[in-house]
């Protein structure tokens, strides 16, 4: 039986691990007005701890100054954000952990480092605290066994820079209290993040997708298909722009599941049979006539929706991305005579 959760406590956030991820998470919560404890659990000599503190705040300050130069912050706001972050060396970690309602572990990516970190968190954290790892490579189920109250534990995978990218991927284990997931989701939304839920699987959502794209880009360079510069132009102004306006699955439905199915068949025959083989679910959907927007059902169900309005909504989002990227050009002036020869 899982413990019943009380209402959220007005306690600060603790980012455990003073490396790049911990610093980015600290900025994200401090930006939203929270006090944050940035904690280093590794015992160090006083001089080494002070050096780490200075290094952490130099990076935090540099990130905030960059946001200020780019017009996202005023100087006074940047100073206030930095002031909300307090560094705690290992000898003071227990005091900071005892008062934290949300504790995010971000120590190095080894099971041994995670085990040692959670041994300390188990001793010092409040019983009602939500504990989260931020691992990008270890399954939540592998870490849950280290946690004294596993029902209050889940994984929060942030994307760098953590203070800027909205998406945080949440992965719970079978014993995670659903109320913990709800609270964690609400906390992230309250600081402007976009939490997404995924099962216990390597690569989560974003890394699994982007690894395929990045490997294929490197492969095209290796094969002489295109230069790095041409691939980056194509992704920034084509692939990336479209996927900024539409989700990947929405894009499949918009174009048609049958289009992806046939394209996969052709590329699996001409490029690589294994790499471009369509998943079985796609073949089943084509057989059943679940083609997406044009058939009224695909990965999404469009029953009762105005399909023309759906298409116009996609067009509006794409147009907004074009304008934001400075790539939209107005049509030729209607008063102009018939155009001459192209240059």
Scan of region 185-195 for residues that are in contact (Cβ under 8 Å) with a residue 60 or more places away in the chain and buried (at least 16 other Cβ atoms within 10 Å of the Cβ), ordered by number: 187, 191, 193
Verdict on residue 293 being touching a residue at least 60 places away in the same chain (Cβ under 8 Å) and farther than 23 Å from residue 206 by Cβ: no
Qualifying residue in region 65-79 (condition: over 17 Å from residue 17 (Cβ atoms) and in contact with a strand residue (DSSP E or B) (Cβ under 7 Å, 6 or more places away or on another chain)): no
Output for region 137-154, where each listed residue is closer than 21 Å to residue 42 by Cα and part of a helix (DSSP H, G or I): 143
Some residue of region 196-206 being assigned to a helix (DSSP H, G or I) and either free of Cβ contacts under 8 Å to residues at least 60 places away in the same chain or surrounded by 15 or more Cβ atoms within 10 Å (Cβ to Cβ) (or both): yes
Pick from region 117-136, criterion in a helix (DSSP H, G or I) and touching a residue at least 60 places away in the same chain (Cβ under 8 Å), ranking: nearest to residue 184 (Cα to Cα): 121
Pairs where the first residue, in region 65-90, is touching a residue at least 60 places away in the same chain (Cβ under 8 Å) and the second is in a strand (DSSP E or B) and crowded, with 17+ Cβ neighbours inside 10 Å, C-beta under 7 Å, 6+ apart: 87/38
Test: residue 218 is assigned to a helix (DSSP H, G or I), at negative phi and either within 19 Å of the chain's Cα centre (by Cα) or modelled with pLDDT under 95 (or both): no
Which listed residue, of 231, 259, is surrounded by 11 or more Cβ atoms within 10 Å (Cβ to Cβ), touching a strand residue (DSSP E or B) at 6+ places or on another chain (Cβ under 9 Å) and assigned to a helix (DSSP H, G or I): 259
Selection count, region 80-105, where residues are buried (at least 18 other Cβ atoms within 10 Å of the Cβ), touching a strand residue (DSSP E or B) at 6+ places or on another chain (Cβ under 9 Å) and over 16 Å from residue 118 (Cα atoms): 5
Residues of region 46-71 classified as within 24 Å of the chain's Cα centre (by Cα) and either surrounded by 13 or more Cβ atoms within 10 Å (Cβ to Cβ) or part of a helix (DSSP H, G or I) (or both), total: 12
Residues of region 72-86 classified as within 14 Å of residue 38 (Cα to Cα) and not in a helix (DSSP H, G or I), total: 3
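The values are calculated or read from the model by the stated rules, or taken from the named source; none is laboratory data. Remember, it's a predicted structure, so these values are computed and weren't measured experimentally. FYI the Cβ positions are ideal-geometry reconstructions off the backbone, even for glycines, and counts take in every protein chain you see.
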